[in-house]
Amino acid sequence: MDIPRLLDGRLKFRHLLLVDALSRQGTVVGAAAELHITQPAATRSLHELEDILGVSLFERGPRGITATVFGEAFTQHARAVLAQLTQAGRHVVELAEADRGTVVAGTHLAGSNVLLPRAIAALKKDHPLLTVVVREALPEALLLDLEAGRVDLIVGRLTGPSGEGVVRRTLYDESVQLVVRASHDLVGRHDIGLPELTGYPWILPGPQTALRREVEELLARNGLGLPENRVETTSFLTVRQLLLETDMVAVLPGLIVRDDSRLARLPVSLEPIGHSVGLTLSDSRTLSPSARALIRSLEETAADMAPQL
């Protein structure tokens, strides 16, 4: 098959935006709504793109669309192009306005409560006009945002080694603890075991997270199943309020509750569960001055936190 001529003027940026939206939304209706265009316009643009490439990018089904092998490959390249354009626009603004740039940081539970707020506070002392946008989501969704340039970096648990388009940098290692409110009837006891604890209501991360899978494996090794009475969430604000108002037991990174006098850690070991907290970056994108400034602040903040860990 002949190589498509993608620079002959037929390929438009709207085509790139469309395949990105289609792959995330899974339906033409959803993609059209996201892009604020009509469904017929989205369908027409998709047909145009498939004609340009000479292949089918998505398979249509009763419940939506699924990317073909061609669609997955082209979407990856489209996101890389969109990310570079987003970065180019920011870079021009930052060069023109010095410290008036913007950095977008994605985060999830392990990085959002202590490390990232402290790093942002330190950064704003030296760069008060630099805007920091924080987006909280599940790791899988944040990786897609990183690929497409919607976030500049991800702060949180490192779920794997570098590779597959990303670079991961460890900032510190952290244990995982069982946590309750400070006035809980379990606080002060040293004879607690996991079998007794599973009789209490628990707060667990969602089943799509690595921590949840590790908790399930730990319980299984101890001959236990998941507590039947449970809430599943990765929102720390939700977790904290539930802990303060109920008898629930939560599985949380240890640093999150270290400075919270209203919460207490139970003397029950969850080893070998633990994790590295750090940065996830794109390996193909040049970091903006604003992103580099936030990374420096994150690294310095993590180094200052090391004696507490």
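Counting only helices (runs of 4 or more DSSP H) wholly contained in the stretch 183-297, the ones carrying 1 or more residues that are open to solvent by less than 40 Å² (accessible area, probe 1.4 Å) and either among the basic types (Lys, Arg) or closer than 30 Å to Leu82 by Cα (or both) occupy 210-221. Taking first residues from the stretch 229-246 that are farther than 18 Å from Val187 by Cβ and partners that are open to solvent by 40 Å² or more (accessible area, probe 1.4 Å), the Cβ contacts under 6 Å between residues at least 6 apart in sequence or on separate chains come to Phe236/Asn113.
A quick yes/no check of all residues on (1) farther than 23 Å from Asp8 by Cα; (2) of a type in the set (A, V, I, L, M):
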| position | (1), (2) |
| --- | --- |
| His36 | yes, no |
| Arg44 | no, no |
| Ile52 | no, yes |
| Phe58 | yes, no |
| Arg63 | yes, no |
| Gly71 | no, no |
| His77 | no, no |
| Ala88 | no, yes |
| Val92 | yes, yes |
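The test for being in a helix (DSSP H, G or I), under 24 Å from Thr280 (Cβ atoms) and under 17 Å from the mean Cα position of the chain (by Cα) does not hold for Arg168. Residues in the stretch 70-94 that are touching a residue at least 60 places away in the same chain (Cβ under 8 Å) and open to solvent by less than 50 Å² (accessible area, probe 1.4 Å): Ala78, Arg79, Ala80, Leu82, Ala83, Gln87, Arg90, Glu94.
Looking at the stretch 30-44, is at least one residue open to solvent by less than 40 Å² (accessible area, probe 1.4 Å), touching a residue at least 40 places away in the same chain (Cβ under 8 Å) and not in a loop (DSSP other than H, G, I, E, B)? No, every residue in the stretch 30-44 fails to be open to solvent by less than 40 Å² (accessible area, probe 1.4 Å), touching a residue at least 40 places away in the same chain (Cβ under 8 Å) and not in a loop (DSSP other than H, G, I, E, B).
Which count do you get for residues in the stretch 111-135 that are more than 22 Å from Leu252 (Cα to Cα) and open to solvent by less than 30 Å² (accessible area, probe 1.4 Å)? Number satisfying all stated conditions: 2.
Whenever a residue of the stretch 158-171 is within 14 Å of Leu142 (Cβ to Cβ), its partners that are among the basic types (Lys, Arg) and open to solvent by less than 70 Å² (accessible area, probe 1.4 Å), lying with C-beta atoms within less than 9 angstrom and at least six residues away or across chains, give the pairs Leu158/Arg168; Thr159/Arg168; Gly160/Arg168. Is it the case that some residue within the stretch 233-240 is over 18 Å from the mean Cα position of the chain (by Cα) and farther than 26 Å from Thr170 by Cβ? Checked the stretch 233-240: at least one residue is over 18 Å from the mean Cα position of the chain (by Cα) and farther than 26 Å from Thr170 by Cβ. Selection over the stretch 55-67 of residues that are surrounded by 15 or more Cβ atoms within 10 Å (Cβ to Cβ) and either in contact with a Gly (Cβ under 8 Å, 6 or more places away or on another chain) or over 30 Å from Thr286 (Cβ atoms) (or both) gives a count of 5.
The values are calculated or read from the model by the stated rules, or taken from the named source; none is laboratory data. These figures come from a predicted structure and were not determined experimentally. Because the Cβ atoms are built from the backbone with ideal geometry, glycine has one as well, and the counts that use them run over all protein chains shown. We work out accessible area using only protein heavy atoms, side chains counted, and drop any ligands, DNA or RNA first. Shrake-Rupley method; radii C 1.70, N 1.55, O 1.52, S 1.80 Å.
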